[in-house]
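The structure appears below as structure tokens.
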Protein chains: 2
Amino acid sequence: MSTAAAPRPAGQDHLWSVDEHLEDILTTVRPLEPIELQLLDAQGCVLVDDVTVPVSLPPFDNSSMDGYAVRVADVAGASEEFPAVLEVVGDVAAGQTDLLHVGPGQAARIMTGAPLPPGAETVVPVEWTDGGLGEGPVTGMRARSLAPEGARGQVHIHRPAEARAHVRAKGSDVKSGDRALEAGTVLGPPQIALLAAIGRGTVRVRPRPRVVVMSTGSELVQPDEQLSGGQIYDSNSFALTAAARDAGAIAYRVGAVADDAETLRSTIEDQLVRADLMVTTGGVSVGAYDVVKEALSHVADEDEAGGGIDFRKLAMQPGKPQGFGSIGPDHTPLLALPGNPVSSYVSFELFVRPAIRTLMGLEDVHRPRTTATLTADKALTSPKGRRQFLRGTYADGEVRPVGGAGSHLVAALAHADALIVVPEDTESVEPGAEVEVVLLG
Amino acid sequence: MSTAAAPRPAGQDHLWSVDEHLEDILTTVRPLEPIELQLLDAQGCVLVDDVTVPVSLPPFDNSSMDGYAVRVADVAGASEEFPAVLEVVGDVAAGQTDLLHVGPGQAARIMTGAPLPPGAETVVPVEWTDGGLGEGPVTGMRARSLAPEGARGQVHIHRPAEARAHVRAKGSDVKSGDRALEAGTVLGPPQIALLAAIGRGTVRVRPRPRVVVMSTGSELVQPDEQLSGGQIYDSNSFALTAAARDAGAIAYRVGAVADDAETLRSTIEDQLVRADLMVTTGGVSVGAYDVVKEALSHVADEDEAGGGIDFRKLAMQPGKPQGFGSIGPDHTPLLALPGNPVSSYVSFELFVRPAIRTLMGLEDVHRPRTTATLTADKALTSPKGRRQFLRGTYADGEVRPVGGAGSHLVAALAHADALIVVPEDTESVEPGAEVEVVLLG
């Protein structure tokens, strides 16, 4: 039985703690089923299985320098004054499959990444040679297309080289059978580099969740339109769509739905097909027009959207009224946030962001927190029994409040980068005190 | 005259410092011209102009609670034992434009966000009333659609309220004419919230740069295909496309281009149309098949792609050979990175990422750096005269090297989250020493 249908006496009005509500969300929301994605589509996603190296890296011994592949004995004792003079038998370029054989007294001109040819034991960098020009040390080779004769003739080697100098050994990076990446790894650019390097074009990950964001309220007008009396601009649908993307989701903004339960129910039903998570704002409090609560708080039969959303009061400020549950045939999780811009944004940070990141399979679902010294002109006050989240700016271990406690102060929110947490049992915090801070990053 | 066309003697081989090369890039690359974008398309972009508030927020006095709008004198001295009994003249919902007048002895049932109606001086929360039910305090209102009679009849008020209690004053968030956001602000979710709230549906920002990423090398095969002898998988084009996106760009992966100067030139010409920045990997060293250098190092006439790319040796490891300049009719900046996976990734972090963020107009273009204590089994060694960037893992003020110095060690890179910087004049760093660290985030 919902409080909207028949209000309970105030004495029985249970307040959930922030932690209880969060725990309920995090134990209900499950990571999405994994799918196989193209490497670049998997950026930021979580790997589901360990990835094993199918072929050693590098797959063959290859040169780490541009130079000459030679036999060690042929360059022993070489110096600029007394160079070793070798016959150049041709070029070995990267990607070349027909390999020369390097015999005694011979050298193959070799490029970085090219396979060490049979017979060669070491690589002498071109800077230790005359590059075949017979005019002392050079700094590089002439381009093959401009000077094809460089692949033939004689080269003067000015320094000796030990066996396998400037050679990257087969398997020196990773060996076939090694574990390249562990299940649970988040795929950033270097991890994508490794997967590509071992030949993986696709990878099995948990996909980014599709999040549908819907604001509600007959007072809401879209930006760039004209305001009439009593109207305000819809900001929540923009803010939370952006915040959902920031959290890693693919987010769809539905915009403002009028305060009519039937319209809301049918809009939600329409949107369910593209939602792994639904987020609404507004309509969850104790008023006579709180249609989110009205539309979703009945326990109805399976065929009707609006099965299992529980509306609660939380011991927090802002963000006291909240709804959470699942909806529709796929039991899609739905978070119903309050409508004030600051309330909805703070609720998003505390509850929706961790839900999105849980759907992604991330282990680290929360914003980082730290302790900071409160810098303020006067003490902060906070209602007893509520955990308060004030907007602030954090730098170098100090946090300063921005704006007041009002849940409509969106300008202050836009200048904040942190939330100052005032615990339930604290009614006043003096300047200089240590406070817990959520870093909004 | 390029070193590829005619190598200079080693003695004249100038080494650029990392800082000189970076400065050259950052003084050449200019922020992109601003464009007007839809709010959600502008996420992460930099605001070009100050934004002024066109209409105060809130635009009218409104209720911060669900309750009753009343006159102060009518509820003075009210208590649960001796309630004030007022006539309910109707509902004021959010968005309602036809407002009731509240006279003496009257109350209007009012919803959060609804305009304070004429005649009313304050708001009494519904929890301080009997909600019109005549049965003691309630916790909320019944839904209008289920109980329309709630908008009429009598209400018992149990507590007095001061003037303008639970009223959000017009302009208490921002006032018309205030500066909402300053030019240079990066638009995250809270800034988007504020812009929407003041009615801005579009905003003038510097767009995300379009970055074309192209790897070169005849040895490169695309992942999921079969390797033949001497071939390796193309990983750079994947890694750097992902890294460019991570830096804020819209990135296009072209994939591997064979080592043929004409093919490379025509591919670059084709791609220029969608590039604000071009990035190539490979082909920049001193070998005879280094076609990026060959194709782009001539100073040619204006009509030909490949005008002004300068190829350099940098005093760094990895990443010694680098190219930078501009190309094509729009003088599109081009960074030519070395081809080894670790060299190209480190080069991207040091040079391309700051270039991308400069194009975006961001002030903060570099990765954060910190100082950490080196934790290692043995001393790190580094070649004299080179600034070395070793891969490491950073946590709690300590950094530990991962893998060796080899520029082909992509597996180690995938397990690193930091670069350890060893300065040019340092050849050895003992465990326990303080080192500079670039945090890869």
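The values are calculated or read from the model by the stated rules, or taken from the named source; none is laboratory data. Being a predicted model, the structure only gives us computed values, none of them experimental. All Cβ positions, even for glycine, are placed from backbone atoms using ideal geometry, and neighbour counts span all protein chains on display. When the accessible area is computed, the model is the full protein with side chains, heavy atoms only, and any ligands, DNA or RNA have been set aside. Shrake-Rupley method; radii C 1.70, N 1.55, O 1.52, S 1.80 Å.
A compact table of results
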{"quantity": "Criterion: at the interface with chain B (Cβ under 9 Å from one of its Cβ atoms) and in contact (Cβ under 8 Å) with a residue 60 or more places away in the chain - qualifying residue of A:A196, A:A258", "calculated": "A:A196"}
{"quantity": "Any hit, region A:289-305, residues being of a type in the set (A, V, I, L, M, F, W, C), open to solvent by less than 30 Å² (accessible area, probe 1.4 Å) and more than 13 Å from chain B (Cβ to nearest Cβ)", "calculated": "yes"}
{"quantity": "Every residue from region B:143-178 that is at the interface with another protein chain (Cβ under 10 Å from one of its Cβ atoms), open to solvent by 40 Å² or more (accessible area, probe 1.4 Å) and closer than 30 Å to B:V46 by Cβ", "calculated": "B:S172, B:K175, B:D178"}
{"quantity": "Check on B:V213, in contact (Cβ under 8 Å) with a residue 12 or more places away in the chain and either crowded, with 24+ Cβ neighbours inside 10 Å or under 30 Å from B:E294 (Cα atoms) (or both)", "calculated": "yes"}
{"quantity": "Every residue from region B:36-74 that is of a type outside the set (A, V, I, L, M), outside any loop (DSSP other than H, G, I, E, B) and open to solvent by 20 Å² or more (accessible area, probe 1.4 Å)", "calculated": "B:E36, B:Q38, B:D41, B:T52, B:D74"}
{"quantity": "Within region A:333-441, helices (runs of 4 or more DSSP H) holding 2 or more residues that are open to solvent by 20 Å² or more (accessible area, probe 1.4 Å)", "calculated": "A:353-359"}
{"quantity": "Candidates A:G103, A:G140, filtered to the one that is facing chain B (nearest Cβ under 9 Å) and either open to solvent by less than 10 Å² (accessible area, probe 1.4 Å) or not in a loop (DSSP other than H, G, I, E, B) (or both)", "calculated": "A:G140"}
{"quantity": "Hey, A:D310 closer than 15 Å to A:T332 by Cα and surrounded by fewer than 24 Cβ atoms within 10 Å (Cβ to Cβ) or not", "calculated": "yes"}
{"quantity": "Positions within region A:315-327 being surrounded by fewer than 21 Cβ atoms within 10 Å (Cβ to Cβ) and over 27 Å from A:E427 (Cα atoms), in sequence order", "calculated": "A:S326"}
{"quantity": "Scope region A:75-92; condition in contact (Cβ under 8 Å) with a residue 24 or more places away in the chain and in a loop (DSSP other than H, G, I, E, B); matching residues", "calculated": "A:A76, A:G77, A:A78, A:S79, A:E80, A:P83"}
{"quantity": "Qualifying residue in region B:224-233 (condition: over 26 Å from B:L359 (Cα atoms), assigned to a loop (DSSP other than H, G, I, E, B), of a type in the set (D, E) and within 11 Å of chain A (Cβ to nearest Cβ))", "calculated": "yes"}
{"quantity": "Evaluation of B:P190 against (1) in contact (Cβ under 8 Å) with a residue 24 or more places away in the chain; (2) touching a helix residue (DSSP H, G or I) at 6+ places or on another chain (Cβ under 9 Å) (one fails), failing number", "calculated": "(1)"}
{"quantity": "Selection from region A:162-218 of residues that are polar (S, T, N, Q) and outside any loop (DSSP other than H, G, I, E, B)", "calculated": "A:Q191, A:T202, A:S215, A:T216"}
{"quantity": "Filter result (outside any loop (DSSP other than H, G, I, E, B), open to solvent by 10 Å² or more (accessible area, probe 1.4 Å) and more than 13 Å from every other protein chain (Cβ to nearest Cβ)) within region B:106-137", "calculated": "B:Q106"}
{"quantity": "Scan of region B:180-190 for residues that are open to solvent by 20 Å² or more (accessible area, probe 1.4 Å) and at the interface with chain A (Cβ under 10 Å from one of its Cβ atoms), ordered by number", "calculated": "B:E182, B:T185"}
{"quantity": "Meets criteria (under 20 Å from the mean Cα position of the chain (by Cα) and part of a strand (DSSP E or B)) for A:V279", "calculated": "no"}
{"quantity": "Filtered residues of region B:219-248 (kept if crowded, with 24+ Cβ neighbours inside 10 Å and in contact (Cβ under 8 Å) with a residue 24 or more places away in the chain)", "calculated": "B:L220, B:S235, B:N236, B:S237, B:A239, B:L240, B:T241, B:A243, B:A244, B:A247"}
